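The values are calculated or read from the model by the stated rules, or taken from the named source; none is laboratory data. Note that this is a predicted model, so its numbers are computed, not measured. Cβ sites come from the backbone with ideal geometry, for glycine too, and all protein chains shown count toward neighbours. Side chains are part of the model used for accessible areas, which takes the heavy atoms of the whole protein and leaves out ligands, DNA and RNA. Shrake-Rupley method; radii C 1.70, N 1.55, O 1.52, S 1.80 Å.
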Amino acid sequence: MQICRDLSSLRAACAALRAGGRRLGLVPTMGALHDGHLSLLAAARAAGADAVAASIFVNPLQFNAGDDLARYPRDEEGDLAKLRDAGCDLAWLPPVDAMYPPRNCSTIEVAGPSRGFEGDARPGHFRGVATVCAKLFLQTGADIAAFGEKDWQQLQVVTRMARDLDIPIRIQPVPTMREADGLAMSSRNRFLDASERAVAPFLFQVMRDAAVAMAGGALVPAALAAGRARLVTAGFAPDYLALASAEGLEPLDALDRARPMRLLAAARLGTVRLLDNIPVAA
Ligand code: PAF
């Protein structure tokens, strides 16, 4: 596995991997890799990539005052070993000033799917995500980029950004990897203490129950209110438990049989903010 830490060696390495019409897959990450990330590498290959690059960059632009950039888990050595074992061809680890050189002042704003939910909870977050992803796409020239469905709103924002800016890349959605008890895998799960870890899978259970109730005819606002109340009783501080259109993230207060829908949740458990989402059948 080749490791690049500056833009010119990255461009040369990517050009070599793409030589002769070979297709390059990209897995953007912020490190602290778990099996969910490794499933993205496999998904990029399954989607047609002949070689796969992964980036590890804790992007300061997507953290705001309420988020703790300094607290974000970092384990470069462990991450590189995992990427090597997973057959990754290239690791891109840019220093912050390679990504955002002094006097850099251009960012990308994606309106539509950035609004609401995480967009409200973390102002500026999706500007940071869209900007860094556009840069990664252009720096690598990747043909395919794999993104987990776990961050559903991010997946919609990045898909829309690439389409709107005519970046010739296919965004490959990859289903959420879950622990055996249903908890969605996340780098932040390591911050749950033992009692919080025992309660955490209840979020997924409440979401599934709400989705089943809605599909069975329960009124959407009542099913969501019941779900939020169960979360509070279990010790969560729910930020939102909401139904939305799957692509545009428009909030829905009734099932909409004309388009795919998603049940989205964010809830704090102790100091950890858990995010999850599932499809909802009409
Ligand atoms: O999902 C993440 O880890 C990050 O938001 C991403 C896509 C790597 C951009 O920094």
Quiz item: Dipole of the chain, Cα-centred, from +1 at each Lys and Arg C-beta and -1 at each Asp and Glu C-beta, to the nearest 20 debye?
Solution: 300
Quiz prompt | Calculated from backbone phi, Karplus (6.51, -1.76, 1.60) coupling profile of segment 110-123 in Hz, x at Gly/Pro | solution = 10, 6, x, x, 6, 7, x, 6, 5, x, 6, 5, 9, x
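Using Cα pairs under 8 angstrom and six or more residues apart, how large is the relative contact order of the chain, in percent?
Details: 497 pairs, mean separation 49.3, N = 282.
Over the chain, the number comes to 17 percent.
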Practice problem: For ARG257, put the label point 7 Å out on the Cα→Cβ axis and report which residues of segment 198-229 keep their amide N under 16 Å from it. | Solution: 214-220
Quiz item: How many Å² of accessible area per residue for segment 1-126, probe 1.4 Å?
Solution: 47
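When the dipole is taken about the Cα centre of segment 125-211, and only Lys, Arg (+1) and Asp, Glu (-1) are charged at their Cβ, what size is it in debye, to the nearest 20? Don't skip to the answer; put the middle values down first.
Values: 11 positive and 10 negative charges, 39 e Å.
For this selection, approximately 180 debye.
Which FRET efficiency value, to the nearest 0.05, is calculated for MET1 and THR271 with the Förster distance at 25 angstrom and r the Cβ-Cβ distance? It would help to have the intermediate numbers written out before the result.
Values: r = 34 Å, r/R0 = 1.37.
After rounding, the FRET efficiency stands at 0.15.
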Quiz item: For the charge dipole of segment 167-282, defined by +1 on Lys and Arg C-beta atoms and -1 on Asp and Glu C-beta atoms about the Cα centroid, which residue among ALA211, GLY227, VAL272 has the Cα displaced farthest towards the positive pole?
Solution: VAL272
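Mind checking the full-extension length gain between ARG103 and ALA42? Use 0.36 nm per residue of separation minus the Cα-Cα distance, one decimal, nm.
On the way: separation 61, 0.36 × 61 = 21.96 nm, distance 3.75 nm.
That works out to 18.2 nm of additional length.
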Exercise. Count charges around SER106 for me, please; just the other residues with Cβ under 12 Å from its Cβ, Lys/Arg as +1, Asp/Glu as -1.
Key: +2
Quiz item: Any idea how far the Cα center of segment 10-36 sits from the one of segment 97-139, in Å?
Solution: 20
Self-check item: For segment 202-282: accessible area per residue (Å², 1.4 Å)
Solution: 45
Practice problem: Determine ³J(HN,Hα), in whole Hz, for all residues of segment 261-271 in sequence, where each value follows from phi through the Karplus function 6.51 cos²θ - 1.76 cosθ + 1.60 and θ = phi - 60°; x replaces Gly and Pro. | Solution: 10, 9, 9, 10, 9, 9, 8, 8, 10, x, 9
Quiz item: To the nearest 10 Å², what's CYS14's accessible area with a 1.4 Å probe?
Solution: 0
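With a ≥ b ≥ c taken as the square roots of the eigenvalues of the C-alpha gyration tensor of segment 64-190, please select rounded if a/c is under 1.5 and otherwise prolate if a/b is larger than b/c or oblate if it is not? Numbers along the way, then the final one.
Details: a/c = 1.25, a/b = 1.13, b/c = 1.11.
Rounded shape, in that the Cα axes give a/c under 1.5.
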Exercise. Mind listing the long-range amide H neighbours of ARG178? Cut-off is under 5 Å, sequence gap 5 or more, other chains count too, H placed in the peptide plane at 1.01 Å from N.
Key: MET185
Self-check item: Distant-in-sequence amide H partners of ASP239 (H built 1.01 Å from N, under 5 Å)
Solution: ALA266, ALA267, ARG268
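Largest first and in whole Å, what are the equivalent-ellipsoid semi-axes of segment 1-70 based on the Cα gyration tensor, each being the root of 5 times an eigenvalue?
Numbers: eigenvalues 133, 54, 16 Å².
They are 26, 16, 9 Å, listed largest first.
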Quiz item: Which far-off residues, 5 or more places away or on another chain, put their amide H under 5 Å from the one on ARG273, with H placed in the peptide plane?
Solution: none
Self-check item: Estimated [θ] at 222 nm from DSSP helical runs (n ≥ 4, -39500 (n - 2.57)) normalised by residues in the chain, nearest 500
Solution: -11000 deg cm²/dmol
Quiz item: With every protein chain present, what accessible area does GLU247 have (1.4 Å probe, heavy atoms only), rounded to the nearest 10 Å²?
Solution: 110
Exercise. Find which of GLY119, LEU241, PRO260 sits farthest along the positive direction of the dipole of the chain, computed with +1 on the beta-carbon of Lys and Arg, -1 on that of Asp and Glu, about the Cα centre.
Key: PRO260
Quiz prompt | Note, ³J(HN,Hα) from phi for segment 234-250, Karplus 6.51, -1.76, 1.60, rounded to Hz, x at Gly and Pro | solution = 7, x, 7, 10, x, 8, 8, 9, 9, 9, 8, 5, 5, 8, x, 6, 7
